[in-house]
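The values are calculated or read from the model by the stated rules, or taken from the named source; none is laboratory data. What you are looking at is a predicted structure, and each value in this text was computed from that prediction instead of being measured. Ideal geometry is used to build each Cβ from the backbone, glycine not excepted, and the neighbour counts take in all protein chains shown. With ligands, DNA and RNA removed, areas are computed over all heavy atoms of the protein, side chains included. Shrake-Rupley method; radii C 1.70, N 1.55, O 1.52, S 1.80 Å.
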Amino acid sequence: MEKFKLTDHKKSDEESPERRNFVRDIVEEDLKTDKFGGMVHTRFPPEPNGYLHIGHAKSICLNFGLARDYKGLCNLRFDDTNPTKEESEYVESIKLDVRWLGFDWGDREYYASDYFDQLYEFALTLVRKGKAYVCDLTGDEIRQYRGTLTEPGKDSPYRNRSVDENLDLFQRMRKGEFPNGSRTLRAKIDMGSPNINMRDPVLYRILHATHHRTGDAWCIYPMYDWAHGQSDSIEKITHSVCTLEFADHRPLYDWFLDELGIYHSKQIEFARLNLTYTVMSKRRLLLLVEEGLVKGWDDPRMPTISGLRRRGYSPESIRLFADRIGVGRSESTSDVALLEDCVRDDLNRRAPRVMAVHRPVKLVLENYPEGVVEELEAVNNPEDHSAGSRTIPFSKILYIEQDDFRENPPKKYFRLSPGMEVRLRYAYIIKCTEVIKDKATGQILELRCTYDPETRSGSPQSARKVKGTIHWVSAAHAKDAEVRLYDRLFTVENPGGDDWRSFLNPHSFEQVQGCKVEPGLATAKAGERFQFERLGYFCVDEDSAGEKLVFNRTVTLRDTWAKMEKATDKT
RNA sequence: UGGGGUGUAGCCAAGUGGUAAGGCAGCGGCCUUUGGAGCCGCCAUUCCCAGGUUCGAAUCCUGGCACCCCAGCCA
């Protein structure tokens with residue numbers, strides 16, 4: 001259909017070479033010096049204690065992206081060393097999210113808990129070397145002995161137990177002879193270290209708890225520091241990428257690997273993602289869910305992968321975002337507008353166009369014949385010739401957007417108003433002749449218009465210049481739909497402090513009933529994405545069923561008119 | 001005088017001694033049967049500050065300043 005302009009566009013950023021970042025520099029340098037035998041093997045190590053969010057997506061894209069680009073591998077490893085917080089439900093959601101994002105870990109699905117035996121053996125090795133001891137101090141005492149940020153700690157009175165005694169005690173810890181919290185296994189390093197992580201860190205704690213995978217096989221569980229690096233080593237991870245707060249742990253990470261004399265992975269820290277107008281910590285996200293401030297982990301307002309998915313974000317758009325924000329070591333907060341730009345960028349190329357009216361107002365074409373229905377051709381996607389076209393019904397009674405009519409139009413308002421002309425997309429040019437209102441309330445009930453039969457789309461007369469084009473739907477043929485509009489979850493860029501909840505945006509969710517959509521949408525399936533012309537990108541919600549159509553607004557289209565109005569409001 | 005880290009535009013971010021990429025946001029304009037998309041242009045004489053080295057410094061040196069992280073038997 002050549003009468004409508006089809007646009008060409010530059011190719012996706014995703015297809016262009018990856019941008020430079022310091023992690024890639026390190027990897028390339030290691031490849032050049034053959035530090036890891038030419039291998040690149042990364043891992044994504046989530047703790048299954050919550051749902052993944054967009055910050056995890058950054059890490060996933062980094063780790064799996066490194067493996068992809070340097071012909072290496074990336075493992076999925078669950079860091080499940082704390083049975084009191086972890087659940088299988090989270091394992092499943094994490095796997096689904098990583099897969100949905102487009103990454104594949106092959107058969108390399110690992111669990112730190114797979115290594116409990118090995119880790120225990122490693123601990124025995126350390127004990128035998130005199131580099132670890134069983135400590136009977138209570139939690140409180142350990143804290144007191146640890147010293148402070150500015151004062152060194154002091155040695156535990158149990159620090160110099162004999163190897164034999166340590167061996168005996170540790171084995172009995174493992175057998176379950178002692179109650180929770182009564183003893184720990186600690187590394188013997190340096191209580192005077194300026195790095196608190198080196199002040200005899202706890203390796204094992206006693207926890208009589210059922211683990212989601214190992215059941216009751218264990219009652220001692222390894223701490224993060226003890227489990228993580230050794231797990232990396234067991235898997236022969238070359239580059240162990242983690243977030244900045246673990247930089248202080250690196251000396252300990254290295255110490256364990258050196259003492260054990262095993263494969264030495266390299267830990268590299270990068271800055272975690274922060275996003276404006278939302279919160280990202282698992283703790284806060286959990287609170288939002290638990291306190292019912294949102295409808296669940298997959299509430300479309302949540303920055304979780306599942307929330308973004310339900311909102312209509314595509315995996316491509318999230319990967320594009322990850323590429324565009326880059327990877328660095330300086331703490332930063334990315335503008336959510338960039339994320340929004342990424343979905344628009346992706347969906348603009350791919351989402352079929354469709355006409356839908358949010359808040360309908362009836363429009364009657366006085367000079368249009370009664371009972372006639374025309375089938376008009378409409379382009380499915382002006383960005384994609386191959387998407388073809390469809391046919392949409394047109395008749396005497398239509399619905400248009402309330403917002404597309406103003407009785408007293410402001411300057412530069414190009415839409416419909418009394419006596420003015422406007423084009424109905426893919427149809428005719430019409431003129432408004434009368435406004436019928438409710439006498440009591442003044443509410444507009446109906447617009448009376450005439451159409452110009454010469455201007456049917458595609459005819460020579462249709463080339464006539466008219467300021468505005470609006471969307472519409474034929475009243476008799478339209479399907480009813482519910483549309484859910486979402487806005488930013490918070491009203492401020494950085495909702496921090498104890499009262500962060502007070503910045504929740506009361507208008508972040510609006511449910512609009514009685515929307516009218518073109519008939520072809522009746523068969524749309526959950527997850528399908530569309531552009532509602534002039535309004536935004538929408539996707540079919542999973543609540544959609546049979547006759548009941550439900551759409552989520554992913555993001556609005558860029559709206560320069562709204563921007564202009566807002567600007568003039570201010571002056 | 002605890003340790004670790006970071007400071008390049010409103011937000012991200014390249015830059016690795018040779019005269020400040022790119023994206024988002026913003027601002028103009030063109031084009032348009034989506035006020036969409038696309039296209040064009042503008043947007044850091046200066047890189048936290050102050051000294052120094054050098055023909056030449058965001059890059060090197062010295063000294064400051066600011067911010068973030070660490071005192072879980074969480075990860």
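Restricting the stretch A:327-347 to residues that are surrounded by fewer than 16 Cβ atoms within 10 Å (Cβ to Cβ) and not acidic (Asp, Glu) leaves a set whose member that is nearest to A:Arg99 (Cα to Cα) is A:Leu338. From the residues in the stretch A:178-203 that are closer than 16 Å to A:Val134 by Cα, of a type outside the set (D, E, K, R) and more than 8 Å from RNA strand B (Cβ to nearest atom), which one is surrounded by the fewest Cβ atoms within 10 Å (Cβ to Cβ)? Applying the filter and picking the extreme gives A:Pro179.
So which residues in the stretch A:524-536 are surrounded by fewer than 21 Cβ atoms within 10 Å (Cβ to Cβ) and away from RNA strand B (no atom under 16 Å from the Cβ)? The answer is A:Lys525, A:Ala526, A:Gly527, A:Glu528. The set of residues from the stretch A:341-355 being within 11 Å of RNA strand B (Cβ to nearest atom) and either in a strand (DSSP E or B) or basic (Lys, Arg) (or both) comprises A:Arg344, A:Arg349, A:Arg353, A:Val354.
Exactly one residue out of A:Arg99, A:Arg68, A:Arg43 is of a type in the set (Lys, Arg), within 21 Å of A:Arg319 (Cβ to Cβ) and within 13 Å of RNA strand B (Cβ to nearest atom): that is A:Arg43. A:Ala247 meets the conditions (1) open to solvent by less than 40 Å² (accessible area, probe 1.4 Å); (2) touching a helix residue (DSSP H, G or I) at 6+ places or on another chain (Cβ under 9 Å) in every case but one. The failed one is (2). Restricting attention to the stretch A:106-123, the residues that are assigned to a helix (DSSP H, G or I), more than 17 Å from A:Gly261 (Cα to Cα), open to solvent by less than 80 Å² (accessible area, probe 1.4 Å) and out of contact with any helix residue (DSSP H, G or I) (no Cβ under 6 Å at 6 or more places or on another chain) add up to 3. Only one entry in A:Glu141, A:Glu151 is assigned to a helix (DSSP H, G or I), open to solvent by 60 Å² or more (accessible area, probe 1.4 Å) and either farther than 17 Å from A:Asp225 by Cα or of a type outside the set (Phe, Trp, Tyr) (or both), namely A:Glu141. Among the residues that make up the stretch A:478-498, is at least one of them among the polar types (S, T, N, Q), modelled with pLDDT of 95 or more and more than 42 Å from the chain's Cα centre (by Cα)? No, that holds for no residue.
For first residues located in the stretch A:220-245 and within 29 Å of A:Lys71 (Cβ to Cβ) and assigned to a helix (DSSP H, G or I), partners that are among the charged types (D, E, K, R) and more than 7 Å from RNA strand B (Cβ to nearest atom) and lie 6+ apart or on another chain with Cβ distances below 6 Å form the pairs A:Leu244/A:Glu269.
Any residue that is over 20 Å from A:Val473 (Cβ atoms), within 13 Å of RNA strand B (Cβ to nearest atom) and not in a helix (DSSP H, G or I) - is there at least one of those in the stretch A:537-556? Yes - at least one qualifying residue is present in the stretch A:537-556. Residues in the stretch A:363-396 that are under 29 Å from A:Arg344 (Cβ atoms) and of a type in the set (A, V, I, L, M): A:Leu376, A:Ala378, A:Val379, A:Ala387, A:Ile392. Of the residues making up the stretch A:18-67, those that are open to solvent by less than 40 Å² (accessible area, probe 1.4 Å), in a helix (DSSP H, G or I) and among the charged types (D, E, K, R) number 3. Take the conditions under 25 Å from A:Asp200 (Cβ atoms) and of a type outside the set (Gly, Ala, Ser) and apply them to A:Trp218. Does it pass? Yes: the conditions hold for A:Trp218.
Is it the case that A:Arg415 is surrounded by fewer than 18 Cβ atoms within 10 Å (Cβ to Cβ) and either among the hydroxyl-bearing types (Ser, Thr, Tyr) or within 9 Å of RNA strand B (Cβ to nearest atom) (or both)? Break it down into steps so the answer makes sense when it comes.
Working: surrounded by fewer than 18 Cβ atoms within 10 Å (Cβ to Cβ): no; either among the hydroxyl-bearing types (Ser, Thr, Tyr) or within 9 Å of RNA strand B (Cβ to nearest atom) (or both): yes.
So A:Arg415 fails the test.
Remark: A:Glu421 matches the filter, which requires a residue to be under 21 Å from A:Asp403 (Cβ atoms), more than 9 Å from RNA strand B (Cβ to nearest atom), surrounded by 18 or more Cβ atoms within 10 Å (Cβ to Cβ) and touching a residue at least 12 places away in the same chain (Cβ under 8 Å). So which residues in the stretch A:183-204 are in contact with a strand residue (DSSP E or B) (Cβ under 6 Å, 6 or more places away or on another chain) and farther than 16 Å from A:Leu126 by Cα, if there are any at all? Of everything in the stretch A:183-204, just one residue is in contact with a strand residue (DSSP E or B) (Cβ under 6 Å, 6 or more places away or on another chain) and farther than 16 Å from A:Leu126 by Cα, namely A:Arg183.
Kindly evaluate A:His471 against the criterion of being within 11 Å of RNA strand B (Cβ to nearest atom), modelled with pLDDT of 95 or more and open to solvent by less than 80 Å² (accessible area, probe 1.4 Å).
yes
Name the single residue, out of those in the stretch A:385-409 being assigned to a loop (DSSP other than H, G, I, E, B) and open to solvent by less than 50 Å² (accessible area, probe 1.4 Å), that is farthest from A:Tyr368 (Cα to Cα). Break it down stepwise before answering.
Applying the first criterion (assigned to a loop (DSSP other than H, G, I, E, B)) to the stretch A:385-409 yields A:388, A:395-396, A:406-409.
From the residues that got through so far, the ones that are open to solvent by less than 50 Å² (accessible area, probe 1.4 Å) too are A:388, A:395-396.
Values: A:Gly388: 29, A:Ser395: 8, A:Lys396: 6 Å.
Per the criteria, the residue is A:Gly388.
Residues that are within 24 Å of A:His41 (Cα to Cα), open to solvent by 50 Å² or more (accessible area, probe 1.4 Å) and more than 8 Å from RNA strand B (Cβ to nearest atom) within the stretch A:208-244 comprise A:Ile234, A:Lys236, listed in sequence order.
A:Glu165 meets each of the listed conditions (1) open to solvent by less than 20 Å² (accessible area, probe 1.4 Å); (2) within 27 Å of A:Ala217 (Cα to Cα); (3) of a type outside the set (A, V, I, L, M) apart from (1).
Checked against the criteria, A:Arg488 counts as open to solvent by 70 Å² or more (accessible area, probe 1.4 Å) and in contact (Cβ under 8 Å) with a residue 12 or more places away in the chain.
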